[in-house]
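See structure below.
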Amino acid sequence: MYIMNYDTFKSCAQQAGLGIKDFAAYVGMNHRSISNYSKKGAVPDHLAIIALLLMELRRHDIEIAGLLTKMNWSERQLRLPQKGEFRGRSAQSNNQGNE
């Protein structure tokens, strides 16, 4: 779902004191993936909500980095697929909707 156009999203990020690369780092995405939404003209709702919240934090002088430090954000571990493990939808689950 898309609830915010890309220009508004970019403005919110800038008002939060973040460029696209910084925003991408906070949400654990590649900055190019976020920039690609400019072609669609809108961003997914989860990114829009994050941008709005970050903007509001900045407006109320709440330090974003301080909050993330309290959460031990830098120590977050990504769970990567193990050898032979498939992380997408299986062929069986894809066929269930066709029955």
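Each value in this text was obtained by applying a stated rule to the coordinates, not by laboratory testing. Keep in mind that this is a model prediction, so the values were computed, not measured. Note that each Cβ is placed from the backbone with ideal geometry, even for glycine, and that neighbours are counted across all protein chains shown.
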What are the residues whose amide H is under 5 Å from the amide H of residue 3, where those residues sit 5 or more places off or on another chain and H is modelled from the backbone?
43, 45
Per-residue ³J(HN,Hα) for region 7-17, Karplus 6.51 cos²θ - 1.76 cosθ + 1.60, θ = phi - 60°, Hz, x for Gly and Pro
5, 5, 4, 4, 5, 4, 4, 5, 5, 7, x
For the residue pair residue 38 and residue 65, what label-to-label distance in nm results when each label sits 7 Å from Cα along the Cα-to-beta-carbon direction?
2.6
Treating only the Cβ atoms of Lys and Arg (+1) and Asp and Glu (-1) as charged, compute the dipole magnitude of region 2-75 about its Cα centre; round to the nearest 20 debye.
280
Residue 22-residue 2 FRET efficiency (beta carbon distance; Förster radius 22 Å; 0.05 resolution):
0.50
How much length is gained on full extension from residue 45 to residue 31, taking 0.36 nm per residue of separation minus their Cα-Cα distance?
3.3 nm
What net charge is computed for the residues neighbouring residue 31, neighbours being all others with C-beta under 14 Å from the C-beta of residue 31, Lys and Arg scored +1, Asp and Glu -1?
+2
